[in-house]
Amino acid sequence: MQMYQVDAFTDQLFTGNPAAVLVVDEWLPDDLMLAITQENNLAETAFVRARSDGAWDLRWFAPAHEVDFCGHATLATAHVLLTENGEHGPLVFHTRVGELRVSKEHYGYRLDLPCLMPTILEALPPEISNIFDKPPTRIFRNFENIFVDLGSADAVRGYVPDLPAITLLGSVGLVVTGEEASGSQADFVSRYFAPGAGIPEDPVTGSIHATLVPYWADRLERSRLKAFQASTRGGWLDCELRGDRVLLSGNAVTFMKATLFCQI
C-alpha cells in the first residue's frame, strides 16, 4: 500500500499540520486503520476510497480513535488526489459530518465545510473549571469541542494547558481563542488541545474553524476573516462565512511517499 504524508495549511515543509493519506480500493479493517494511525503518530491519518458517482468516501483516524471531523486531513487528501492520483477538481467527500468539497484555487485550495454554529455555555464543564487564571470572556461549544474566548490573542499565545485536566473531557477537545490586536495580520488566533484523542496540541485545525468563523464573524461584524493558529508550527487560514457554509483557503505540500508492508 502507498501512503503519503502532507503538510497542510502551509506552502513550506515542516510547518502547518502533517497528515497521512491512504487511497484504498476498499476499507481496511478498523483495527488496522487505527494501528497504521498509531504507527504514524500524527494527529490524523486519512483513508479515502472512490465512489461510483465520482465522489469519495473519507474517514479520519486519530491515535486514540476514529474522529468525526478533520479539516487539515481533508485538505491533505485533496492535495494527494489532485497532485498524485490524476484527479480533477472540485472534489466531493462524503463524511460523518456530511458533504465536504475542495477546489483548486490560483494559490492553494479552498475547503467548503458545514457551518457549525456555536452554542453559548454559562459555565465551563467541571473537569476544566479551574484551569484558567482569569474568567473567560465567553464559553461556547459545538458537537465535539469546548471553545473558550480568553479575550486577547496574547492570552491565547501565553496559555499553558493543563493536559491531565483536559484529558478528563474524553473525546471532547478544548479550543482557546482570542481577538488579535488592531493592525495585526490576523483577526483572531486559536489553539487546540485534544489529549483524549491522542493529540496534546494540534498544529493547525481546519474543523474548529467551522465554529470559530461564525463566532468571530458575529463578534467582528465581518464575513471575511484571517485566522492564525498559534501552535509551535503555526498556520494561517483565510476564512469566509457564506450562508450555512464556511470556506477556508490554504495550501499543502507533500513531504513523503511511502510503501507500507502490512497484511490485511
Protection proxy ranking, peptides 29-42, 170-183, 68-81, 11-24, average beta carbon neighbours within 10 Å, highest first: 68-81, 11-24, 170-183, 29-42
Estimated FRET transfer efficiency when R0 is 45 angstrom, pair LEU260-MET117 (beta carbons, to 0.05): 0.70
Relative packing of 206-215, 193-202, which averages over residues the other C-beta atoms within 10 Å, highest first: 206-215, 193-202
Protein accessible area in segment 79-144, 1.4 Å probe - carbon and sulfur %: 49
Approximate spin-label separation HIS94-ALA181, in nm, with each point projected 7 Å along Cα-to-Cβ: 5.0
Cβ-Cβ FRET estimate between ARG49 and LYS226, R0 fixed at 25 Å, reported to 0.05: 0.10
Unit charges on C-beta of K, R, D, E only; dipole of segment 33-125, Debye: 140
Stokes-Einstein D (µm²/s) once Rh is taken as the Kirkwood radius of segment 106-244 over alpha-carbon pairs, at 25 °C in 0.890 mPa s: 162
Value of relative contact order over segment 13-155, rounded to a whole percent, pairs C-alpha under 8 Å and six or more apart: 14
Taking the chain and dividing mean pair separation by its residue count, relative contact order in percent (alpha carbons under 8 Å, at least six apart): 23
Dipole in debye (nearest 20) - segment 96-211, about Cα centre, beta carbon charges: Lys, Arg +1; Asp, Glu -1: 240
Global geometry of segment 137-178, whether rounded, prolate or oblate, following the gyration tensor of its Cα atoms and the 1.5 cut on a/c: oblate
Charged-residue dipole, Cβ positions (Lys, Arg, Asp, Glu), the chain about Cα centre, Debye nearest 20: 420
Å² of accessible area per residue within the chain, as computed with a 1.4 Å probe and no ligands counted: 44
Overall form of the chain per C-alpha gyration tensor (a/c, 1.5; a/b vs b/c): prolate
Helix axis angle, 71-83 relative to the chain longest principal axis, alpha carbon, degrees: 30
Segment SER103-LEU168, length gained on full extension (0.36 nm per residue, minus Cα span): 19.6 nm
Antiparallel content of DSSP bridges confined to segment 128-264, in %, to 5: 75
Charge dipole (the chain, unit charges on Cβ, about Cα centre) - positive-most of PRO200, SER171, LEU13: LEU13
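The values are calculated or read from the model by the stated rules, or taken from the named source; none is laboratory data. The structure displayed is predicted, hence computed values, not measured ones. No Cβ is skipped: glycine too gets one built from the backbone with ideal geometry, and neighbour counts run over all protein chains shown. These accessible areas exclude ligands, DNA and RNA; they are computed on the full protein's heavy atoms, side chains included. Shrake-Rupley method; radii C 1.70, N 1.55, O 1.52, S 1.80 Å.
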